[in-house]
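Visitor: Next up is a structure, given as structure tokens.
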Amino acid sequence: MTRRRPLLSVVVIGLACLVGMPLYYILVNTFKTQEEMVSSPLAPPTSFYLDNYLEVFDRIPLAQSFGNTLYVTVGAVVVQLLVGATAAYGMILRATLFNRIFGALLLLAFVVPGQATLIPLYRTLVDAELVDTLNGLIFMYAGGSIFCFFLIQGYIRTLPFEIIEAARIDGAGVFQIFWRIVLPLIRPILITVGIFQTMWVWNDFILPNVFISSPEKRTIVLEVYSAVGQFTTDWPAFMTLSVIVLVPMVVFFVLTQRHIISGLLAGGVKG
């Protein structure tokens, strides 16, 4: 075992360097001019050239884009968790044949690629007058409730149902049981699922690119694409915007990664 540990460390460090290479490439080139980036893309910058950041902050309304992204992310994740948790609770509480068939249909819907449904979804939003609106984006991301539903449903199955039965005997209603008993017990998986969905919504490019056209309603990821022209690409600006987009999610992931592990382990250990 002692001989294998140094070899394992070397392999893990090598894999970490390989995975971190794209991030290093993007980060170091934000501190270079266009000419220096082309001539030596992997070399460290000769000096910290900050004009890329100053130009990006001066040219692009990042504060507005961050506000749009934050509004959509918070609204979408709240809807996803609310719908996913209540649906999972209802399906477990009443395990009828209809619910089982409906659950199977949801599973089939879950495996359908989202790109295959963009055209009918776009026509639906046009009819609802939600195209090019942030609320329309939240409505679109509500489809992620299916992912929340399956994870939360698996977690609820591990709960001691004796508590729920005792609450029923005491006269508690369905919503009282959910709010006062089930919801506190499933908090670990809610946090875990909320973290996953937050990173997905924040980093998503496809849906905002399809359903948002007004510059003042762009999310922060769409602003990265603004550096791409028809014939040329402003690579320093592109990479600078990529770093600005990545930093909040990297910090968010570092601060919440223990909740991801603890939430998934809690669902696997109980019962």
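Visitor: Need the failing condition index for Gly75 against (1) in contact with a Ser or Thr (Cβ under 9 Å, 6 or more places away or on another chain); (2) at pLDDT 90 or above; (3) under 30 Å from Thr158 (Cβ atoms), just the number.
Guide: Only one criterion is unmet by Gly75, namely (1).
Visitor: Continuing with the same structure: Could we say that Val243 is part of a helix (DSSP H, G or I) and within 28 Å of Leu125 (Cβ to Cβ) here? Give the derivation first.
Guide: On the way: part of a helix (DSSP H, G or I): yes; within 28 Å of Leu125 (Cβ to Cβ): no.
So Val243 does not fit the description; no.
Visitor: Kindly check whether there is at least one residue in region 116-132 that is open to solvent by 60 Å² or more (accessible area, probe 1.4 Å) and either touching a Pro at 6+ places or on another chain (Cβ under 7 Å) or under 28 Å from Ile260 (Cβ atoms) (or both).
Guide: no
Visitor: To continue, here is another question. Which helices (runs of 4 or more DSSP H) does region 3-93 wholly contain that include 2 or more residues that are over 26 Å from Ile244 (Cβ atoms) and of a type in the set (Lys, Arg)?
Guide: Numbers: elements: 4-29, 34-39, 51-59, 62-93.
Here the list reads 4-29.
Visitor: State which residue is farthest from the chain's Cα centre (by Cα) when the search covers only region 162-213 and only residues that are aromatic (Phe, Trp, Tyr), closer than 20 Å to Arg94 by Cβ and open to solvent by 70 Å² or more (accessible area, probe 1.4 Å). Write out each step before concluding.
Guide: We begin by selecting, within region 162-213, every residue aromatic (Phe, Trp, Tyr); these are 175, 178-179, 196, 200, 202, 205, 211.
Okay, now just the ones that are also closer than 20 Å to Arg94 by Cβ, so 175, 178-179.
This time we only want the ones that are open to solvent by 70 Å² or more (accessible area, probe 1.4 Å), so: 175, 179.
Details: Phe175: 28, Trp179: 25 Å.
Residue satisfying both the conditions and the ranking: Phe175.
Visitor: Let me ask you something else. Evaluate region 88-99: report whether one residue or more is over 22 Å from Leu222 (Cα atoms), open to solvent by less than 40 Å² (accessible area, probe 1.4 Å), of a type outside the set (S, T, N, Q) and in contact with a Gly (Cβ under 9 Å, 6 or more places away or on another chain).
Guide: Here is the first cut: in region 88-99, the residues over 22 Å from Leu222 (Cα atoms) are 88-99.
Filter again for open to solvent by less than 40 Å² (accessible area, probe 1.4 Å), leaving 88-93, 99.
Still in the running and of a type outside the set (S, T, N, Q): 88-93.
In the following step, the residues that additionally are in contact with a Gly (Cβ under 9 Å, 6 or more places away or on another chain) were identified as 88, 91.
Checking region 88-99: at least one residue is over 22 Å from Leu222 (Cα atoms), open to solvent by less than 40 Å² (accessible area, probe 1.4 Å), of a type outside the set (S, T, N, Q) and in contact with a Gly (Cβ under 9 Å, 6 or more places away or on another chain).
The values are calculated or read from the model by the stated rules, or taken from the named source; none is laboratory data. Here the structure is a predicted model, which means the values were calculated and not measured. Because the Cβ atoms are built from the backbone with ideal geometry, glycine has one as well, and the counts that use them run over all protein chains shown. What goes into the accessible areas is simple: the full protein's heavy atoms, side chains included, and nothing from ligands, DNA or RNA. Shrake-Rupley method; radii C 1.70, N 1.55, O 1.52, S 1.80 Å.
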